[in-house]
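Read through the structure below, which is laid out as C-alpha cells, and then see the notes.
Laboratory data are not the source of any read-out in this text; all were calculated from the coordinates shown. Only a predicted model underlies this, so the values are computations on that prediction, with no experimental measurement involved. Cβ atoms come from the backbone with ideal geometry, glycine included; neighbour counts cover every protein chain shown.
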Amino acid sequence: MRKCFSLKHLSLIELRVLILSIGSVESRVLEALKLRLPAFLPLEEVTISGNVLKVPEDAYDPIRRQYRSSRMLSMISDYRPPVDDERVLGVTGVDLYAPGLNFVFGEALSFRGPAIISTYRLRPEYYGMPTDEGLFLERVLKEAVHELGHALGLGHCKNHRCVMFFSNSILDTDRKGMQLCGLCHAKVLENLKGGIF
Ligand SMILES: [Zn+2]
Ligand SMILES: [Zn+2]
C-alpha cells in the first residue's frame with residue numbers, strides 16, 4: 001500500500017534567522033552576515049534585530065576575564081523563545097568561554113538554537129597581525145554558519161573542508177571552507193522537512 005504524505009510534510013520549513021547584538025557590535029558585521037548567510041544555508045529570510053541586548057554581567061568570570069557562553073544562550077532564549085521556523089544568532093564582541101575550554105568562538109543549542117558567536121578572537125589584530133577586513137568577515141561568516149549548523153541539528157564533521165569541522169584554533173577556522181559538505185547539507189534539508197523539531 002502506498003503511503004500518502006501531505007504536501008506540508010514534504011515541504012521544507014521556511015527558515016528565518018534573526019541576528020541579535022549582545023552589546024555593541026559594528027553594523028558592517030551584522031550587514032555582512034545578513035547579506036551572505038543565505039548563500040550557505042537554506043534560509044528564507046535574515047533580519048537584523050533593532051534591539052541590542054546588554055551583555056549580562058552575571059556571565060562574567062573576573063578570574064578568567066571572559067563571559068560564559070551558556071549564560072548568553074539562556075538570555076537569548078528568555079528574550080526570544082525558540083520556535084520551529086526561526087533561529088536566533090547572537091553576535092557579541094566580548095570573549096566567551098565554556099567550562100573545560102580556554103575559550104569558544106561560539107556555541108549553540110542543537111536543533112532550535114539559539115546560537116551565539118564572538119568576534120573577539122576573529123580579528124587578525126588579536127594575533128598580532130595587520131588589520132584585514134576581508135579575512136575578519138570571512139571568519140565571522142564561518143563561525144556563524146557553523147553555529148547555525150548546530151542549531152539546525154548538525155554535529156561536528158570529520159571533513160576538514162566542511163564548515164562543521166571543529167575549530168580548536170583560528171588556524172582550523174582559516175583552513176576550513178565556508179560551506180557545508182554534501183552530507184551536512186543533505187542532513188540540514190532532512191531536518192528541515194519537519195516533524196523532528
Ligand atoms: Zn561546533
Ligand atoms: Zn560536513
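Given R₀ = 22 Å, what would the calculated FRET efficiency be for Lys193 paired with Asp78, taking r from the Cβ atoms and rounding to 0.05?
Result of the calculation: an efficiency of 0.15.
Rounded to the nearest 5, what % of the DSSP beta bridges within the chain are antiparallel ones?
25 percent
Quick query: amide H of Leu96 versus all other amide H atoms, modeled in the peptide plane; which residues come in under 5 Å with a sequence gap of 5 or more or a different chain?
Excluding prolines and chain starts, which carry no amide H, the hits are Tyr67, Val104.
By how many degrees, 0 to 90 and rounded to 10, does the Cα axis of helix 27-36 deviate from the longest principal axis of the chain?
The answer is roughly 30 degrees.
For the chain, set up a Gaussian network in which alpha carbons nearer than 10 Å are linked by springs, and say which option among Asp84, Asp95, Asp61 fluctuates the most.
Result: Asp61 has the largest fluctuation of those listed.
I want to verify a result. In a Gaussian network model of the chain, Cα cutoff 10 Å, which of these has the top mean-square fluctuation: Gly106, Gly153, Gly182?
Gly182
Taking springs between alpha-carbon atoms closer than 10 angstrom, which of Leu30, Leu12, Leu20 fluctuates most in the Gaussian network model of the chain?
Evaluated over the chain, the most mobile residue of the options is Leu12.
What length, rounded to one decimal in nm, is gained on full extension from Thr47 through to Glu14, with 0.36 nm per residue of separation minus their alpha-carbon distance?
This chain segment gains 10.5 nm when fully extended.
With each label point set 7 Å from Cα along the Cα-Cβ vector, what nm distance links Tyr120 and Arg175?
Each label point is offset 7 Å from its Cα along the Cβ direction, giving 2.5 nm.
Once all Cα-Cα distances of segment 14-191 are split into 10 Å bins that start at 0, what whole-number percent is in each one?
In order of increasing distance, the bins hold 10, 42, 38, 10, 0 percent.
Given a cut-off of under 8 Å on Cα pairs at least six residues apart, what relative contact order in percent is computed for segment 1-145?
After rounding, I find 24 percent.
Compute the signed sum of charges (Lys and Arg +1, Asp and Glu -1) over the other residues within less than 14 Å, Cβ to Cβ, of Leu89. Mind showing how you got there, number by number?
Values: positive: Arg16, Lys34, Arg36, Arg80, Arg87, Arg112, Lys142; negative: Glu31, Glu45, Glu86, Glu107, Glu143, Glu147.
Cβ neighbours under 14 Å give a net charge of +1.
I need the Debye-formula profile for segment 93-197: one equal scatterer per C-alpha, no solvent, reported as log10 I(q)/I(0) at q = 0.19, 0.21 1/Å, two decimals.
With one equal scatterer per Cα and no solvent, log10 I(q)/I(0) is -0.94, -1.11.
With respect to the cross-link table entries Lys34/Lys158; Lys34/Lys142; Lys142/Lys187, which display a Cα-Cα separation exceeding 24 Å?
The pairs that break the limit, which is 24 Å between Cα atoms, are Lys34/Lys158.
Obtain the nm distance between the two label points defined at Asp58 and Leu35 by a simple spin-label model: each point lies 7 Å from its Cα along the Cα-to-C-beta direction.
Placing both labels 7 Å along Cα→Cβ, they lie 3.9 nm apart.
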